[in-house]
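Read the structure below first, then the notes.
Computed from the coordinates by the stated procedures, all read-outs in this text should not be read as laboratory data. Keep in mind that what you see is a predicted model, and the values were worked out from it rather than measured. Glycine gets a Cβ as well: all are built from the backbone with ideal geometry, and neighbour counts include every protein chain shown.
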Amino acid sequence: MSDFRTKCLDRSLLVGTFSAIPHPVAIEVMAQAAPDFICIDWEHAQIGRERIEDLVRAADVHAVPAIVRVPGHAPEAIAAVLDAGASGVLVPRVSTAEQARAAVSATRYPPIGNRGVGPGRAAGYGYRIPTYLAKANETLVLAIQVETAEGLANIEEIVAVDGVDLIFIGPGDLSVSIDALGPAGHEKLDQAIGAITSAALNTGRAVGIFRPSPDDIGRWRGAGISFFILASDTMFLGTAVSGNLAAARKAGSSS
Ligand code: 3PY
Ligand code: MG
């Protein structure tokens with residue numbers, strides 16, 4: 001099993017970030033800050049399929065595991081990112097056990113799943129297919145997102161699906177879907193997050209969540225969540241630029 005998957009399954013604290021800037025330089029800059037992993041966001045960033053492999057390669061240079069959030073449930077997209085050498089996949093908007101089983105099938109080779117064999121980068125461009133096949137099912141992380149009212153209603157069946165490593169909560173989509181947007185919906189959203197977390201932990205799955213800032217990571221860690229995607233490269237860039245501009249203006253106007 002890969003070190004990364006072992007840590008996921010052991011529920012070690014893992015803090016990574018989304019990568020939305022479609023350039024290897026951005027990945028290298030982020031990787032040098034030593035996150036536990038990077039999640040390339042193919043769902044919500046404007047990243048073309050042929051760019052994914054370069055982004056994964058850039059993370060590999062710094063020995064930072066790169067997973068990819070695929071745009072949807074298509075097995076072709078899951079195969080493409082795993083063939084490119086990603087350490088795992090994050091499948092968004094999984095709302096039924098059937099969708100969870102389809103994600104397992106697309107991620108795992110037979111006999112567990114139905115992933116196709118190909119001569120991609122992950123398999124040494126065809127020169128290491130047997131070696132890759134022997135370890136892929138053991139080393140690749142499959143995380144699925146529960147972030148809809150339907151997913152919340154079906155949570156017990158979803159977490160029972162064998163082959164899923166981690167249930168990842170998307171609070172943004174979940175808050176919209178269950179009508180818990182904004183401060184007025186905080187309690188309802190927290191309850192939903194709590195229900196997903198307990199169901200997942202009770203069946204031995206690890207749990208992850210997106211957080212825009214580190215402020216409440218301790219609280220969610222206390223609830224049993226171990227895998228955090230903290231903000232994104234674009235969010236960090238914006239925060240750093242605005243903070244530094246404000247600091248420079250303050251320093252300049254007080255002299
Ligand atoms: C959400 O909040 O909906 C997410 O998908 C976060 O990654
Ligand atoms: Mg989402």
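Might you check whether a residue that is in contact (Cβ under 8 Å) with a residue 60 or more places away in the chain, of a type outside the set (Asp, Glu) and assigned to a helix (DSSP H, G or I) occurs anywhere in the range 246-254? Taking every residue of the range 246-254 in turn, none turns out to be in contact (Cβ under 8 Å) with a residue 60 or more places away in the chain, of a type outside the set (Asp, Glu) and assigned to a helix (DSSP H, G or I). Scanning the range 158-180 for residues being touching a helix residue (DSSP H, G or I) at 6+ places or on another chain (Cβ under 8 Å) and on the phi < 0 side of the Ramachandran plot gives a total of 16. Considering (1) touching a Phe, Trp or Tyr at 6+ places or on another chain (Cβ under 7 Å); (2) under 21 Å from residue 39 (Cβ atoms); (3) free of Cβ contacts under 8 Å to residues at least 60 places away in the same chain, the lone condition that residue 123 does not fulfil carries the number (2). I need the full set of residues from the range 86-100 which are closer than 13 Å to residue 76 by Cα and without any contact (Cβ under 8 Å) to a residue 24 or more places away in the chain, in order please. Scanning the range 86-100 gives no hits.
When residue 95 is tested against the conditions (1) surrounded by 17 or more Cβ atoms within 10 Å (Cβ to Cβ); (2) closer than 23 Å to residue 200 by Cβ; (3) more than 16 Å from ligand 2 (Cβ to nearest atom); (4) over 14 Å from the mean Cα position of the chain (by Cα), the lone failure is (3). The set of residues in the range 1-27 that are assigned to a helix (DSSP H, G or I), farther than 17 Å from residue 88 by Cα and of a type in the set (Val, Ile, Thr) contains only 25. Scanning the range 28-55 for residues that are part of a helix (DSSP H, G or I), surrounded by 20 or more Cβ atoms within 10 Å (Cβ to Cβ) and touching a residue at least 40 places away in the same chain (Cβ under 8 Å) turns up just one, 30. Within the range 35-76, if we keep just the residues that are more than 16 Å from ligand 2 (Cβ to nearest atom) and among the small types (Gly, Ala, Ser), the residue that is nearest to residue 150 (Cα to Cα) turns out to be 74. Only a single item in (1) surrounded by fewer than 23 Cβ atoms within 10 Å (Cβ to Cβ); (2) over 13 Å from residue 95 (Cβ atoms); (3) not small (Gly, Ala, Ser) is not met by residue 152, and it is number (2).
Candidates are the residues of the range 158-177 that are surrounded by 15 or more Cβ atoms within 10 Å (Cβ to Cβ) and part of a helix (DSSP H, G or I); the one that is farthest from ligand 2 (Cβ to nearest atom) is 159.
Taken residue by residue, the range 178-188 has no member that is in contact with a Leu (Cβ under 8 Å, 6 or more places away or on another chain), surrounded by fewer than 18 Cβ atoms within 10 Å (Cβ to Cβ) and not in a loop (DSSP other than H, G, I, E, B). Could you tell me whether residue 103 is assigned to a helix (DSSP H, G or I), within 14 Å of residue 79 (Cα to Cα) and more than 16 Å from ligand 2 (Cβ to nearest atom)? No: the conditions fail for residue 103. For the range 74-96, the count of residues that are assigned to a loop (DSSP other than H, G, I, E, B), among the basic types (Lys, Arg) and over 24 Å from residue 126 (Cβ atoms) is nonzero.
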